[in-house]
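*Asks:* Structure incoming, see below.
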Amino acid sequence: MFVALDLPLAARSELAAWRDALVDGRGDLRPVAPEALHVTLVFLGWQDESAADAIAAAAFGELPSAGVPILRATGVRPLPPRGPRLFALDLEDLEGRASGVQASVSDALATGRWYEPEKRPFWPHITLARVKRRERRVAPLPEAPAPPSEPFSASELTLYRSTLRPQGALYEPLARVELT
C-alpha cells in the first residue's frame, strides 16, 4: 500500500503525452500508464488489507489546512544516475504544501505503527518510465524539450493497493479524500 497525491486529469494527460514523445522508440523502457501517474507521499509496503480503513482514517485524519498542493514539473532525473532503473519527473512544490501533507501523513502513519519515516527528505516526483527487467545498460534520455511548466493543483489524496504484474503494477484506490 501507499498514499499518494493524484494528478488532475488535464495535467496527467499533458504530462503523459510529453513523456510518450520523450520515450518514443525506446524498447528498453516501460512507460508508467497515464492513469497510474501520481506523487507518492508514503510507501507502506505490504499491509493486511483488513487494516485499510484504519490506515486511511489515520492518514486522512489530521491534514494541514494550508491549502491544496500546487506542483510544477521541472525536469527529468535518472535513478540511480548511473545505470538507471527508472526516470522520474522532478516537481517543484510551490509554497511547500505537498511537503506539509506528506509530513502529516507520515507522522500519523508512524504513530499508528504502519510506517517508519524515511531518513531522507521528501522528494516530490512522478515516475515516468521504468527500465525493463532484462535491460542492463540503458542510454540516457535525449535532451528533451522542457516538461509542461504550467503549475497544477493536486487536490486528491489516495490510499492505494499496489499489485505487481509483469506488464507493470496495478494501482487500486482503497480510500480517497479531497484536500481543501
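The values are calculated or read from the model by the stated rules, or taken from the named source; none is laboratory data. Here the structure is a predicted model, which means the values were calculated and not measured. Note that we place each Cβ from the backbone using ideal geometry, even for glycine, and neighbour counts take in every protein chain shown. Heavy atoms of the whole protein, side chains included, go into the accessibility calculation; ligands, DNA and RNA do not. Shrake-Rupley method; radii C 1.70, N 1.55, O 1.52, S 1.80 Å.
*Asks:* Within the range 48-79, which residues are open to solvent by 40 Å² or more (accessible area, probe 1.4 Å) and either out of contact with any strand residue (DSSP E or B) (no Cβ under 9 Å at 6 or more places or on another chain) or more than 30 Å from Glu143 (Cα to Cα) (or both)?
*Replies:* Asp48, Glu49, Ser50, Asp53, Ala54, Ala57, Gly61, Glu62, Leu63, Pro64, Ser65, Ala66
*Asks:* Moving on to the next point. Is there a residue in the range 11-23 that is open to solvent by less than 30 Å² (accessible area, probe 1.4 Å) and more than 16 Å from Phe152 (Cβ to Cβ)?
*Replies:* So far as the range 11-23 goes, yes, one or more of its residues are open to solvent by less than 30 Å² (accessible area, probe 1.4 Å) and more than 16 Å from Phe152 (Cβ to Cβ).
*Asks:* Determine if the range 80-97 includes at least one residue that is more than 19 Å from Phe43 (Cβ to Cβ) and in contact with a Ser or Thr (Cβ under 9 Å, 6 or more places away or on another chain).
*Replies:* Checked the range 80-97: at least one residue is more than 19 Å from Phe43 (Cβ to Cβ) and in contact with a Ser or Thr (Cβ under 9 Å, 6 or more places away or on another chain).
*Asks:* Separate question: Between residues in the range 92-103 that are closer than 15 Å to Thr74 by Cα and residues that are among the hydroxyl-bearing types (Ser, Thr, Tyr) and open to solvent by 30 Å² or more (accessible area, probe 1.4 Å), which pairs lie under 7 Å by C-beta distance while being six or more apart or on different chains?
*Replies:* Glu92/Thr74; Asp93/Ser99
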